[in-house]
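Have a look at the structure below, then the notes.
Where a number appears in this text, it was derived from the coordinates with a stated rule and is not lab data. Note that the coordinates shown come from a computational prediction; the quantities given were computed from them, not determined experimentally. All Cβ positions, even for glycine, are placed from backbone atoms using ideal geometry, and neighbour counts span all protein chains on display.
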Amino acid sequence: MSKFRVVHYLNQFFGQVGGEDKANIPPFTKEGPVGPGMALQGILGDDAEIVATVICGDSWFNENIEAAKAQVLELIAGYKPDLVIAGPAFNAGRYGMACGAVAEAVSQNLGIPVISGIYPENPGLEMYRRHAMFVKTGDSAASMRTALPAMGKLALKVLKGEELGAPEEEGYIPRGIRQNIVTEKRGSQRAVEMLLAKLRGEEYKTEYPMPQFDRVAPNPALRDVTKAKIALVTSGGIVPKGNPDHIESSSASKYGKYSLEGVTDLTAETHATAHGGYDPVYANADADRVLPVDVLRELEQEGKIGSLHRYFYATVGNGTSVANARRFAEEIARELKQDGVDAVILTST
Amino acid sequence: MCTIVPISLTVGANRIVPTVAIPHPLGNPELPPAEERALRRRLVEKALEALTTEVDGQTVFD
């Protein structure tokens, strides 16, 4: 029997092209396995072969999503694979989005399965969970050595057409697919037992967990922007040069609050970015490219806005946990309200 | 204001203004300084327009 054919999708970093300075390279192919694909090939053994690796820069992919999907799909299709493996992406947001989009394009157009790996808080998961079997990983590449065996084992099972158990048993995150199974007790009995357990304060496991939507009702529009006090908040990491609060370049545990009094323009001498998840060259040369202080000052002088709030708030949105982000947001929002701010412009990269 | 609109939609932002590129959402280093600043101003004015527009759900201001 011939070997199963697998194509692996990687970003520029794991594809061994380079770091953030190479994040804008368009998709291309290398024959055979690359980087983590080497270890993956070891796990796949003689049953399956990584025939090619498709690599694309994370920024290029996310700035050109439709073109990226089409081009990556074409490159993958050319190798006639039986299965595609993407990532693992861990908690890298752009990479997770790219792996998910590749999974969507491949599953919809080629009709073959896609295995990936992702940290549960990565936004790529919520967006694309239906399109791949995502193995749950840690938030960083430190979990590579557990992620790859799990992904490889799952890939082999799927390729060989072996019967799969529930997602928890197989080690991947549920895609939201419901399957009929035969049970001893009928639904009404199971529901009443669950209710009784709940009333007794005992543990019970729901058979259909409700999705958790984190949505807020939109605030009403500003009545008169020419009288409004507007604040700037960013996850793009803009800080006074030297990063006085030592905000981490990834997985930030804090945010900073910085004065804009007398500041009309951010320059290479005064401000820089602390963000480790994008090429910092452009923001370091002129931080207005991320936090538009110059233009808001101009609009303030022309009377087009009431005023620019005297502080801006900044953190680094790079693998930052949802729990930390929520805490930052609650604290920042409370202060902004106390300070009589009418509206906020949030900038992210 | 963000470059990866699908992420803003996923996390629940209600008024979204798409921007230029990940490393320079509100600028374009390839433009001469005056043009780059005009581009930034147009984007910020778009954000102000978004803030003064009533929305009843997630809205992308293209």
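Numbers below:
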{"quantity": "Residue-averaged beta-carbon neighbours from other chains (10 angstrom radius) around A:139-152", "calculated": "0"}
{"quantity": "Of B:Val20, B:Val44, B:Val11, the one that fluctuates the most in a GNM where chain B has Cα springs shorter than 10 Å", "calculated": "B:Val11"}
{"quantity": "Computed FRET value (nearest 0.05) for A:Glu207 with A:Glu330, which takes r as the C-beta separation and R₀ as 35 Å", "calculated": "0.55"}
{"quantity": "Most positive-pole-ward Cα, A:Leu110, A:Leu299, A:Gln179, against dipole of the protein assembly as shown from beta carbon charges", "calculated": "A:Gln179"}
{"quantity": "Alpha carbon centroid spacing (whole Å) that separates region A:208-283 from region A:37-65", "calculated": "34 Å"}
{"quantity": "GluC sites (Glu not before Pro) within region A:253-349, DSSP loop, no more than 11 other Cβ atoms inside 10 Å", "calculated": "A:Glu261, A:Glu269, A:Glu302"}
{"quantity": "Calculated FRET efficiency for the pair A:Val182/A:His246, C-beta based, R₀ 45 Å, to 0.05", "calculated": "0.20"}
{"quantity": "Cα long-axis angle, helix A:65-77 against chain A (0 to 90 degrees, to the nearest 10)", "calculated": "20 degrees"}
{"quantity": "Simple spin-label estimate for A:Ser140 and A:Glu66 in nanometres, 7 Å along Cα-Cβ", "calculated": "3.8 nm"}
{"quantity": "Within a Gaussian network of chain A (alpha carbon springs, distance under 10 Å), most fluctuating of A:Phe28, A:Phe134, A:Phe312", "calculated": "A:Phe28"}
{"quantity": "Pairs beyond 29 Å (Cα-Cα), from A:Lys22/A:Lys136; A:Lys136/A:Lys185; A:Lys22/A:Lys229; A:Lys153/A:Lys254; A:Lys22/A:Lys304", "calculated": "A:Lys136/A:Lys185; A:Lys22/A:Lys229; A:Lys153/A:Lys254; A:Lys22/A:Lys304"}
{"quantity": "Shielding by partners - mean other protein chain Cβ count within 10 Å, residues of B:40-52", "calculated": "6"}
{"quantity": "For chain A, the Rg and Dmax computed from alpha carbons only, in angstrom", "calculated": "24.0, 75"}
{"quantity": "Label-point separation, A:Asn109 to A:Arg200 (7 Å along Cα→Cβ), nm", "calculated": "5.5 nm"}
{"quantity": "Label point at A:Glu300 placed 7 Å out along Cα→Cβ; residues across region A:319-338 whose backbone nitrogen lies under 17 Å", "calculated": "A:336-337"}
{"quantity": "Sum of -39500 (n - 2.57) over DSSP H runs of 4+, divided by residues of chain A (222 nm, nearest 500)", "calculated": "-10000 deg cm²/dmol"}
{"quantity": "Residues listed by number, region A:281-315, amide nitrogen under 16 Å from B:Asn28 label point at 7 Å toward C-beta", "calculated": "A:289-290"}
